[in-house]
Ligand code: LLP
């Protein structure tokens, strides 16, 4: 459930009419709902209770500091994968002991930053990374808490570009080698082993792959404990999928996921960490755009929007489906028309949808892409020198611009001319 509903014939974000935001910030823009973000976060905490747990929001899905502060104020932890994300979490006021650091290629500078600023744990993904972290921690006179990310060789049954738990993927260490790797970790002077980490992919629409992975983690926990390691935390990753097409998709709910966690690893006495991104932020955001032209092509009609692939890349990158709805609610049983929905960028790949059945739309009309909160604004670029889309946060009847649209001067001034020109 989200808080983007029609009231009096107009799409609202909570109690704010979308056209009122468009009048202030122009189009296109992203808009996020505080109530939806908070609700989704709470669904996870409720689903995991009474197990000791920390829900670490995967910042990569939506990293605006105002959004992080909204979740951080509710007690959320953060899952970060770069120095920039770490600094965002800190800027949002999240204490280091609620930040976990994931990622296959953490640099020594990033390790130093997190060790000096405070960190709950590093999820290390390889032996060279483990050795580097031990060196950095020792040089700073501290000990780095770690979980080793294991690759359970489980098929997440999702898009191949976002599946991470198969042995051919670059992530984690093979679970079969865990004993060896943990033994080395225990010997390294700068590390303290605290747990096990696993993340098998994103946009999972079934529970079985999670179940397979978590059962392997449960076995591994028992084995590593028998080998003398103090495994007190399990980081079970993110990945729970969301319904993108409201009509026909029903992925499992956080309650089902929570029950699965309790069933598979709940008796181990470990503190549970999870790293959901999309389920918290995805349906908490819309991308709002305006129809620039309706163009009648050969046997098809194009709806040309002022938003493009640089603003929301998921359809062109993964062939992803996003529901597109008119901001003015169409009357019941009004006629529809098939459109190819496209942006102005000079590539055929700049297509959001083909043959999409939509109400009759005309130049100047506003439309909204649903489920655009996750991996939307964060993956945007300035391709075609199109300014990054502004972000707006709604809370009840209030809204605020949380990232302004850059001016063309700001964009042009970032380029500098070398002395010989
Ligand atoms: N933890 C780790 C270690 C991850 O790599 C990811 C996502 C998450 C947590 C959060 O997963 P989520 O709960 O959001 O599924 N750009 C793609 C998705 C890439 C996901 C990358 N890793 C998309 O637009 O679908």
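Only one of (1) within 16 Å of the ligand (Cβ to nearest atom); (2) free of Cβ contacts under 8 Å to residues at least 40 places away in the same chain fails for residue 332. Which number is that?
(1)
How many residues are within 30 Å of residue 206 (Cβ to Cβ) and out of contact with any helix residue (DSSP H, G or I) (no Cβ under 8 Å at 6 or more places or on another chain) if we restrict to segment 128-165?
Total meeting the criteria: 6.
Hey, could you check segment 189-205 for residues that are part of a loop (DSSP other than H, G, I, E, B) and surrounded by 20 or more Cβ atoms within 10 Å (Cβ to Cβ) and say which is farthest from the chain's Cα centre (by Cα)?
Residue satisfying both the conditions and the ranking: 190.
What residue, among those in segment 246-287 that are part of a loop (DSSP other than H, G, I, E, B) and either at pLDDT 95 or above or touching a strand residue (DSSP E or B) at 6+ places or on another chain (Cβ under 9 Å) (or both), is farthest from the ligand (Cβ to nearest atom)?
269
Can you tell me which residues in segment 142-169 are surrounded by fewer than 20 Cβ atoms within 10 Å (Cβ to Cβ) and over 16 Å from residue 130 (Cα atoms)?
The answer is 153, 155, 157, 159, 160, 161, 162, 166, 167, 168, 169.
Evaluate the following for residue 116: is it more than 15 Å from the ligand (Cβ to nearest atom), more than 23 Å from residue 56 (Cα to Cα), modelled with pLDDT of 95 or more and surrounded by fewer than 21 Cβ atoms within 10 Å (Cβ to Cβ)?
Spelling it out, it is not the case that residue 116 is more than 15 Å from the ligand (Cβ to nearest atom), more than 23 Å from residue 56 (Cα to Cα), modelled with pLDDT of 95 or more and surrounded by fewer than 21 Cβ atoms within 10 Å (Cβ to Cβ).
Taking segment 40-78 on its own, how many of its residues are free of Cβ contacts under 8 Å to residues at least 40 places away in the same chain, closer than 13 Å to residue 89 by Cβ and touching a helix residue (DSSP H, G or I) at 6+ places or on another chain (Cβ under 8 Å)?
Qualifying residue count, segment 40-78: 4.
The values are calculated or read from the model by the stated rules, or taken from the named source; none is laboratory data. The model shown is predicted, which means the values in this text are computed figures rather than measured ones. Here the Cβ is made from the backbone with ideal geometry for all residues, glycine too, and neighbour counts use every protein chain on show.
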